[in-house]
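*Asks:* Handing you a structure now.
The values are calculated or read from the model by the stated rules, or taken from the named source; none is laboratory data. On a predicted model such as this, the values are computed, not experimentally measured, just so you know. When we count neighbours, we look across all protein chains shown, and the Cβ atoms used for this are built from the backbone with ideal geometry, even at glycine.
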Amino acid sequence: MPLSDIKIRNTKPANKQKKLFDSDGLFLLVTPQGGKYFRLKYRFEKKEKLLALGTYPEISLADARQRRDDARKLVAHGIDPGAVRKAQKQAKTQETETFEIIAREWHTKFTPTWSPGHSNTIMSRLERDIFPWIGKRPISEIKPIDLLHVLKKVESRGALESAHRIRTIAGQVFRYAVATGRAERDPSVDLKGALPQPHEKHHAAITKPEDVAPLLRAIDGYQGHFVVKCALKLAPLFFVRPGELRNAEWTEINLDEATWNIPKHKMKMKQEHLVPLCRQAVEILTELKKLTGTSKYAFPSGRSFTRPMSNNAILAALRRMGFQKDEMSGHGFRALARTILDEVLHVRPDYIEHQLAHAVRDPNGRAYNRTAHLPERRKMMQTWADYLDGLKAGAKVLPFQRTA
């Protein structure tokens, strides 16, 4: 006899599976755990097949019969309903596993480990240069030639270096997809050598002592915003990366101990970094704190204390003081310090490299921790600040004695 809702509700599970048949191949499968599943038995191309129609009570008996009738119509027209179900499921899977969806998932996962500026740059490149072309495609179907077309579009506008960076970003997304079971391989590896190498570009920097003095005097005479002026005065004393400087927070700075501890998530090398503060830096920061001490940031935006200073603030100030883009940049303070500390003051290179937060290894190949050579680096930073004061005043400052 055909099934009824009352019969289905009253059926209790047994020690083994049992089937309650309705009509035209429809039956209810009852498991020992109490599950009740509608199934359709049908024949297609002389083969017996089984199609799942849903679970009771989410799918009612009337719904199951309608699904049975729809499936039988497909069979009558020479169409396998099981194949149709498989194709629909595959299409739905592809919709949720496109390059864009997986890239945004990857970006969200790793954003906490990046600086805010780096995170924004990555997403900007994805949205501008990748998503419009392959973002909607299933990531598992993207071939090396598809990615190459994307890179060529970027290269065609004269942005060869950006094309290389985009290949790197795409590769990271593909490898994440492989690791999470959404792709078989990373097609970006096949494009190694497909693009010409960009010419190496260095950040514009003043590195001759006789040219540094006018720069320092120009900074002292800067008539712009006080916060920007303080950042300009501290940039040569700290020689950190511009993003690390503008995102400095007061909770990281200890004026009593004369240290600035930069957390690893803000650093390019993802290692904590310690900047010993010279006497001149402490004086500048003490004055600055009177103005911005209520802000999270030591160098807040001129428009809001809730945001850090713009990444173009120092660059714009240098241009306003008359230094051209091929003469000096915000990043150039690092090259300025590195060159003169090495070639003029004869400081040990590993002290300099460690203070620049480069990857410095000890004799056993291990990375130095943030406090390595701290007394020597503290002495170096104070001597460096005194040297700059001497340059600015026109005095002659003796170099360190070279250490073997």
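*Asks:* Quick one: R67 ticks every box in (1) crowded, with 16+ Cβ neighbours inside 10 Å; (2) without any contact (Cβ under 8 Å) to a residue 24 or more places away in the chain; (3) among the basic types (K, R) except a single one, so which number is it?
*Replies:* So R67 meets the others, but not (2).
*Asks:* Sort out which residues of segment 166-188 are at pLDDT 90 or above, of a type outside the set (A, V, I, L, M) and either within 20 Å of the chain's Cα centre (by Cα) or buried (at least 19 other Cβ atoms within 10 Å of the Cβ) (or both), and write them in order of number.
*Replies:* R167, T168, G171, Q172, F174, R175, Y176, T180, D186, P187, S188
*Asks:* Can you spot a residue in segment 393-400 that is modelled with pLDDT of 85 or more and not β-branched (V, I, T)?
*Replies:* yes
*Asks:* Please give the helices (runs of 4 or more DSSP H) falling wholly within segment 203-308 in which 2 or more residues are free of Cβ contacts under 8 Å to residues at least 12 places away in the same chain and farther than 17 Å from M328 by Cα.
*Replies:* Where helices (runs of 4 or more DSSP H) fall fully within segment 203-308 and carry at least 2 residues being free of Cβ contacts under 8 Å to residues at least 12 places away in the same chain and farther than 17 Å from M328 by Cα, they are 279-292.
Conditions tested, residue by residue: (1) of a type in the set (G, A, S); (2) buried (at least 19 other Cβ atoms within 10 Å of the Cβ); (3) closer than 21 Å to M1 by Cβ.
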{"residue": "L26", "(1), (2), (3)": "no, yes, yes"}
{"residue": "L29", "(1), (2), (3)": "no, no, yes"}
{"residue": "K41", "(1), (2), (3)": "no, no, yes"}
{"residue": "L50", "(1), (2), (3)": "no, no, no"}
{"residue": "G54", "(1), (2), (3)": "yes, no, no"}
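*Asks:* Tally the residues that are of a type in the set (A, V, I, L, M, F, W, C), surrounded by fewer than 19 Cβ atoms within 10 Å (Cβ to Cβ) and within 14 Å of L215 (Cβ to Cβ), restricting the search to segment 320-361.
*Replies:* Residues that pass the stated criteria total 1.
*Asks:* Identify all residues within segment 81-140 that are outside any helix (DSSP H, G or I) and not aromatic (F, W, Y); write none if there are none.
*Replies:* Scanning segment 81-140 gives T96, E97, T98, S115, G135, K136, R137, P138.
*Asks:* What pairs can you find where one residue is in segment 102-122 and over 25 Å from R246 (Cα atoms) and without any contact (Cβ under 8 Å) to a residue 60 or more places away in the chain, the other is in a helix (DSSP H, G or I) and small (G, A, S), and their Cβ atoms are less than 6 Å apart, with a gap of 6+ or different chains?
*Replies:* none
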